[in-house]
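The values are calculated or read from the model by the stated rules, or taken from the named source; none is laboratory data. Remember, it's a predicted structure, so these values are computed and weren't measured experimentally. Using ideal geometry, Cβ is built from the backbone for each residue, glycine included, and neighbour counts are taken over all protein chains shown. Accessible surface is based on the protein model in full, side chains and every heavy atom, while ligands, DNA and RNA are left aside. Shrake-Rupley method; radii C 1.70, N 1.55, O 1.52, S 1.80 Å.
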Amino acid sequence: MCGICGILGRSNDAAGATVANMMAVLAHRGPDGEGLARTPHGVFGHRRLAIIDLETGAQPMLSNDGRRVLTFNGEIYNYLELRAALEREGAVFRTASDTEVLLEMLIRRGPAALAELNGMYAFAFADRDTGEWLLARDPFGVKPLYYAALPGEVVFASEIKGLFVHPGVRREPEWAGLQEYLTLQFCLYDRTLFRGVRRIEPGCYLRGCGGEIRETVRYWDTHYKVDEHHTEAYFVERLRELLEDSARLQIRSDVPLGAHLSGGLDSSAVAAAAARRIGTRAQAFHGRFAEGSRYDESGYARIAASATGCELHEVTITAREFVEDMPRIVRALDEPVAGPGVFPQYRVSRLARSHVKVVLGGQGGDEIFGGYARYLIGYLEQALKGAIFETQEEGRHVVTLASIVPNLPVLREYRPLLQHFWRDGLFDDMDARYFRLIDRSPDLSRLLSQDARARFDRGAVFDEFRRLFNHPDTLSYVNKMTHFDVKTLLPALLHIEDRVSMAVSLESRVPLLDTRIVDLVTGMPPQIKFHGGRTKHVFRNAIAGLVPDAILNRKDKMGFPVPLNEWMRGPPVREFVSDVLLARASRERGLFDPAAVARLIDTEAAFGRQLWGVLNLELWHREFIDRPPA
């Protein structure tokens with residue numbers, strides 16, 4: 001796990017100095033070493049967090065003949081298998097690193113090598129003789145990579161703040177990105193909140209020469225070719241095998257390794273699968289709040305730790321830490337694409353880093369296996385519509401009204417969402433209904449200034465949403481919902497995981513995000529995957545016996561809630577929020593109506609989505625727009 005940066009198309013002394021300064025900004029991503037390589041056509045930088053081959057895996061790495069250069073962030077989990085295959089082809093290796101394996105794969109296979117990789121990665125690979133280069137990112141976007149195309153050169157970095165070292169990359173907000181953030185809490189496609197800064201999308205690479213981008217290629221994508229030939233028992237058994245194999249690959253490390261353990265299904269399954277292979281007693285990490293059972297899953301985490309033989313480390317998180325951490329978290333994120341859970345994630349990452357250097361987590365389970373309550377809400381309406389009108393949008397019933405009833409108690413804690421969802425638009429088209437479930441703009445648009453409200457175009461965001469949601473191969477509602485979330489929400493959540501872990505120099509791995517697992521799940525018949533509206537139906541069956549029944553049968557999904565409601569009633573949180581949002585800079589910014597924000601602070605009984613969104617955007621403006629360039 002590392003930080004990478006560079007300039008393509010320029011390699012003079014000024015470019016070398018700029019890349020050196022970029023590396024300094026990314027030092028938290030790699031405190032164990034740094035390296036810089038110059039070619040006739042570019043400069044490449046690297047900050048190293050040493051995980052595999054601690055002695056000889058330094059970067060940027062040059063090929064044996066010095067012609068090719070690679071700067072790489074991440075891990076290639078199947079590097080031992082790939083190395084053995086390359087050695088059979090005659091390759092000779094100087095190191096024991098996965099970096100050299102990736103370098104040799106790219107030399108021999110070019111972009112086709114990406115199809116053989118099992119890992120999380122972002123890298124720059126270049127030919128010093130021809131000036132040709134490749135910038136690539138892993139299939140799910142676990143590892144970040146941003147770039148700015150400038151006249152005659154392309155600048156890239158693991159984090160946006162690294163790009164701002166370059167004098168040609170300006171700190172200017174992008175209205176289209178802000179509009180999407182206000183609506184969805186993340187940006188779509190390759191857009192960011194900064195004008196001129198783009199991200200390489202998951203599963204894509206850019207190919208170019210010198211300072212020119214020649215093409216963008218998507219080398220991996222989800223597919224929905226439904227496998228009608230196998231039974232549910234086959235899918236359950238195959239999923240169990242893949243979960244075990246993914247854990248086998250991802251525990252490869254030359255440094256201590258542990259696991260996040262929330263007490264939910266996903267982290268418990270990952271911790272259990274990993275603990276069985278680690279050999280020694282695995283270390284597990286959990287965060288809790290002292291404000292009551294609504295904010296405390298430690299009982300479930302202890303059950304999971306006891307069942308898996310993990311040593312559980314806990315941290316109790318406080319309101320004072322929230323006030324202290326929020327500005328530094330917003331800086332770490334680059335973009336505030338996060339809900340309140342980002343704060344306890346940061347605290348747990350700090351706890352984990354005091355014990356280990358690598359941690360495994362359960363990210364991706366909800367999006368891949370269908371774990372969000374809104375999927376069940378969507379299908380409740382779908383079942384009602386089919387029963388009342390005797391129609392079926394999906395060609396055949398995935399969920400009937402009779403089959404969904406036993407699973408409805410899961411929605412007991414989602415009454416506000418249900419009330420909002422049923423308020424209008426009943427029985428609309430599937431895309432309009434799901435957009436209403438995830439749209440946050442009704443909360444925030446009421447706080448916009450008059451000018452911002454006049455510019456805000458919710459319809460434009462919906463049109464972009466609809467392009468992604470209506471994937472031509474996703475006929476079923478559940479596939480449309482999960483496809484959209486895998487393409488948008490999941491990269492945003494991985495963005496958070498990467499930043500809060502790398503802010504404390506911790507490598508975070510996600511065993512559920514294996515392309516073999518996702519290909520299996522997207523190919524399952526929807527009637528099996530979302531049987532009776534049961535969230536994570538096949539996943540639950542696959543991990544039965546691996547995690548305790550008390551966790552397997554939980555109906556109180558929590559998702560790391562933060563007691564901001566309670567904290568907002570008094571110091572220090574109330575003073576912090578008021579000081580930030582009622583300051584002169586905030587009032588004069590022109591994005592939100594100062595009077596409306598003041599009324600919200602004075603009258604809102606709870607710290608809701610509105611206050612969270614406004615607070616994060618103001619902190620972001622302070623950190624990235626108002627501050628002078630580094």
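Hey, which of these cross-link pairs are over 30 Å Cα-Cα: Lys225/Lys357; Lys385/Lys487; Lys161/Lys357; Lys161/Lys480? Violating the 30 Å Cα-Cα cut-off are Lys225/Lys357; Lys161/Lys480. What does the net charge come to around Arg516 if you take all other residues with beta carbon closer than 10 Å to its beta carbon, with K and R at +1 and D and E at -1? Here the charged neighbours net out to -3. Taking amide H atoms as placed 1.01 Å from N in the peptide plane, the amide H of His313 lies under 5 Å from those of Ala284, Phe285, His286, each 5 or more residues away in sequence or on another chain. Averaging the sequence gap over all C-alpha pairs within less than 8 Å and six or more residues apart, then dividing by the number of residues, gives the chain a relative contact order of 16 percent. For the chain, the mean residue ellipticity at 222 nm estimated from helices alone is -12500 deg cm²/dmol, where every DSSP H run of n ≥ 4 contributes -39500 (n - 2.57) and the total is divided by all residues, rounded to the nearest 500.
Using the Karplus relation 6.51 cos²θ - 1.76 cosθ + 1.60 with θ = phi - 60°, the per-residue 3J(HN,Hα) values for region 518-524 come to 5, 4, 5, 5, 5, x, 6 Hz, with x marking Gly and Pro.
Once each part is reduced to its C-alpha centroid, what is the distance from region 325-362 to region 51-90 in angstrom? Between the Cα centres of region 325-362 and region 51-90 lies a distance of 29 Å. The distance between label points at Asp221 and Glu116 comes to 2.5 nm (points 7 Å beyond Cα on the Cα→Cβ vector).
3J(HN,Hα) couplings calculated from phi for region 225-239 with the Karplus curve 6.51 cos²θ - 1.76 cosθ + 1.60 (θ = phi - 60°) are, in sequence order, 7, 5, 8, 8, 8, 10, 8, 4, 4, 4, 4, 5, 5, 5, 5 Hz; Gly and Pro show x. For the pair Glu55 and Ala544, how long in nm is the line joining their label points, each one 7 Å along Cα→Cβ? Simple spin-label model gives 5.0 nm for this pair.
For the listed peptides 303-311, 570-578, a ranking on the average number of other beta carbons within 10 Å per residue, highest first, reads 303-311, 570-578. The phi torsions of region 344-353, fed into the Karplus equation with coefficients 6.51, -1.76 and 1.60 and a -60° offset, translate into couplings of x, 4, 4, 5, 5, 4, 4, 4, 4, 5 Hz, rounded to whole numbers, with Gly and Pro shown as x. Charge tally around Arg288: other residues with Cβ under 11 Å, Lys/Arg +1 each, Asp/Glu -1 each, net -2. Across Thr488, Thr280, the residue with the most accessible area heads the list, and the full order at a 1.4 Å probe is Thr280, Thr488.
Using Cβ point charges alone (K and R +1, D and E -1), the dipole size of region 433-496 about the Cα centre works out to roughly 160 debye.
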